[in-house]
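The values are calculated or read from the model by the stated rules, or taken from the named source; none is laboratory data. What you see is a predicted model; the values in this text were computed from it and never measured. Heads up, the Cβs are rebuilt from the backbone with ideal geometry, glycines too, and the neighbour counts pull from every protein chain shown. In case anyone asks, the SASA skips ligands and DNA or RNA and just uses the protein heavy atoms, side chains included. Shrake-Rupley method; radii C 1.70, N 1.55, O 1.52, S 1.80 Å.
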Amino acid sequence: MKPLKMGNIEAKVPIIQGGMGIGISLGGLAGAVALEGGIGIISAAQIGYREPDFDTDTKEANLRAIKKEYEKARNIAPEGVIGFNLMVAMRHYEDYVRAAVEAGADLIVSGAGLPTDLPGLVGDADVKLAPIVSTEKSAKVILKYWDKKYKRVPDLLVIEGPHAGGHLGFAREKLTEFDDFSVYAKEVEKILAVAKGYEEQYGKKIPAALGGGIDTPEAARDAFLLGVDAVQVATRFVTTEECDADNRYKNAYLEAKKEDIIIVKSPVGMPGRAINNDLIRRVAAGERIPHSPCHRCLHRCNPAQIPYCITDALIHAAKGELEDALLFCGANAYKADRIETVKEVMDDLKKLL
């Protein structure tokens, strides 16, 4: 097992805790992972949902919470590597990027769209940048764009596979094609080959992390055998004591069966993986779920047309209000059978590395 190096930053353990929003990976979980030598990631998606002015001034509530949650994580792990996950699809994305930089983030991981302009937003700030890609095509687009416009390459390339939780970077039919890990492994090799070309051009290493369905030491080992430098793990950290979500959310993972985990259509049209529940069944039956006044969270959302509000549903999840919740999860969430500590998860995942 080798440390993950990104320029002048080094994580002793090459395990990245994936960002999970709303409110699942905040300062508590990210700090605990960073303390164990991994990279802790705070999800900035509607991060201010607990702030008193969230309903009336969502943007300011989120900006304030970005600073609060970072400071919480930093207090837990003063020397650890701590970053943010920022979705390109979010409104005010640019402001949230700058807030993460100002807070002191070591790393920004960005997906849910291609973060083509991320280098321009951070300027000369000493923060590492990690775009999320899922296919060879998306890797080619982002690397070519950053090369031509900014004369730089990513500090880390996060490859997110089809077994990940939440919103997925694949068309629905591709999820079926790539369901077999050995098939997707070939796509990973293609992505790494794209990165290799830019490594030679720039004379520097572009480390890569693979995520999606990595929940055991065997899965982590298989990922490293493909040639990546780190693994991204999210679902396994949900059922930990330190996870920021309500215990009822964690228990939903413990109670889930394999057949309960399904692909759903997000209100904004993207496929996602979640636990089947009352909300999903009501939407599937054609019911339109009343929602709160619009928090203007995503660019591609028309409140008059959506079957339910994803912000409302994910906040219900974080609060443990399961009947009205969208319970995002990875493909292997049903395997969880107990609440662990972050240290136990980290020690287990690195056993074979």
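Can you pull the Kirkwood radius for the stretch 107-197, inverse mean 1/r over Cα pairs, to one decimal in Å?
Working: mean 1/r = 0.0728 Å⁻¹.
Answer for the stretch 107-197: a Kirkwood hydrodynamic radius of 13.7 Å.
Charge tally around A99: other residues with Cβ under 12 Å, Lys/Arg +1 each, Asp/Glu -1 each, net 0.
Remark: the stretch 285-298, residue by residue, has Karplus-estimated 3J(HN,Hα) of 7, x, 6, 9, 8, x, 9, 5, x, 4, 9, 6, 8, 10 Hz, where x stands for each Gly or Pro and the curve is 6.51 cos²θ - 1.76 cosθ + 1.60 at θ = phi - 60°. Determine which residues of the stretch 156-193 fall in the zone a paramagnetic label at E10 would reach in this model, i.e. backbone nitrogen under 20 Å from the point 7 Å along Cα→Cβ. Only 156-157 fall inside the zone, counting backbone N under 20 Å.
Leaving out ligands, DNA and RNA, and with a 1.4 Å probe, what % of the accessible surface on the stretch 1-85 is carbon or sulfur?
Numbers: 1550 of 3200 Å².
Result for the stretch 1-85: 48 percent of the exposed heavy-atom area is carbon or sulfur.
Computing FRET efficiency as 1/(1 + (r/R0)^6) for Y150 and K190, where r is the C-beta to C-beta distance and R0 is 25 Å, gives about 0.60. The stretch 282-326 and the stretch 20-43 have Cα centres separated by 25 Å.
In the chain, Cα pairs under 8 Å separated by at least six residues give a relative contact order of 18 percent.
The largest-to-smallest principal axis extents of the Cα set in the stretch 197-240 are 42, 18, 12 Å. Note that the chain, at 37 °C in a medium of 0.692 mPa s, gets a Stokes-Einstein diffusion coefficient of 164 µm²/s from its Kirkwood radius over C-alpha pairs.
So how do 276-283, 91-98 stack up, highest first, on mean other-Cβ count within 10 Å? Mind showing how you got there, number by number?
Working: 276-283: 16.8, 91-98: 18.6.
By packing density, highest mean first, the sequence is 91-98, 276-283.
Spin-label model, K137/N247: points 7 Å from Cα along the beta carbon direction are separated by 4.6 nm. Shown here is the pair-distance distribution of the stretch 222-343: with all Cα-Cα distances grouped in 5 Å bins from zero up to the longest one, the shares run 2, 11, 19, 21, 18, 13, 9, 5, 2, 0 percent. Between amide H atoms placed 1.01 Å from N, distances below 5 Å from E242 occur with V342, all of them 5 or more places distant or on a separate chain. Using the rule -39500 (n - 2.57) for each DSSP H run of four or more residues, divided by the residues of the chain, the 222 nm mean residue ellipticity is -11500 deg cm²/dmol.
Counting charges near K319 (Lys, Arg +1; Asp, Glu -1) among other residues having Cβ under 13 Å from its Cβ returns a value of -3. In whole percents, the pair-distance distribution calculated for the stretch 282-353 from its alpha-carbon pairs, binned every 5 Å from zero, is 3, 12, 16, 18, 16, 8, 9, 9, 6, 2, 0. The distance between label points at N276 and K343 comes to 4.0 nm (points 7 Å beyond Cα on the Cα→Cβ vector). Charges were assigned to the Cβ only: +1 to each Lys and Arg, -1 to each Asp and Glu. The resulting dipole of the stretch 1-110 about its Cα centre is roughly 320 debye. Accessible area per residue for the stretch 194-270, computed on protein heavy atoms with a 1.4 Å probe, is 43 Å².
In this simple spin-label approximation, C294 and E218 carry label points 7 Å from Cα along the Cα→Cβ vector, and these lie 4.8 nm apart. Each distinct pair of alpha carbons in the stretch 13-64 adds a 1/r term; the inverse of their mean, the Kirkwood radius, is 11.5 Å.
Helices that extend 18 Å or more along their long axis by alpha-carbon positions and average at least 0.5 on the Kyte-Doolittle scale are absent among the DSSP H runs of the chain.
Kirkwood hydrodynamic radius, computed over distinct alpha-carbon pairs, for the stretch 217-279: how many Å, to one decimal?
Details: mean 1/r = 0.0707 Å⁻¹.
This gives a value of 14.2 Å.
Taking a sphere under 10 Å around the Cβ of P162 and counting the other residues whose Cβ falls inside, with K and R at +1 and D and E at -1, yields a net charge of -3. Measuring between alpha carbons in the structure, the pairs from K59/K174; K5/K196; K72/K257; K144/K190; K72/K196; K5/K186 lying more than 27 angstrom apart are K59/K174; K72/K257; K72/K196.
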